[in-house]
C-alpha cells in the first residue's frame, strides 16, 4: 500500500511540474528568400552560394537589370555568374549570385 501511495504521489508531482523546455513554434518561413524575387538587390556584392541558374537565366537577370549585349558569362568557383554587359553606353563587368542579385564589379 505504501508503494502504491508513493507511486501516486510521484505521478501527481510529475504532472504538476510546468514544462518550460518546450520549443518555440516554427516560423512560417525564413526571413530572407533563397532567390531574390524583388526588383532590387538584397546585397551590394555577389553572395557566394550554390547557384542553380542556367546561363540563359543569368543573362535574363542581367538584362532585366537594364544591361544589354551580355557576353562571356561563366560561373566561378563560388557559384557566381560573371560576364560583360553594356549599360548607359558603358561596358561593365557584371555578376549574378545565387539569390539573383545583379551587381557591377567595382
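Given the options 70, 19, 105, name the one that is at negative phi and modelled with pLDDT of 90 or more. Break it down stepwise before answering.
On the way: 19 fails: modelled with pLDDT of 90 or more; 105 fails: modelled with pLDDT of 90 or more.
Going through 70, 19, 105 in turn, just one is at negative phi and modelled with pLDDT of 90 or more: 70.
Restricting to segment 50-105, name every residue that is surrounded by fewer than 17 Cβ atoms within 10 Å (Cβ to Cβ) and touching a residue at least 40 places away in the same chain (Cβ under 8 Å).
50, 52
The values are calculated or read from the model by the stated rules, or taken from the named source; none is laboratory data. None of the values given here were measured: they were computed from a predicted structure. Glycine also receives a Cβ, built like all others from the backbone with ideal geometry; neighbour counts cover every protein chain displayed.
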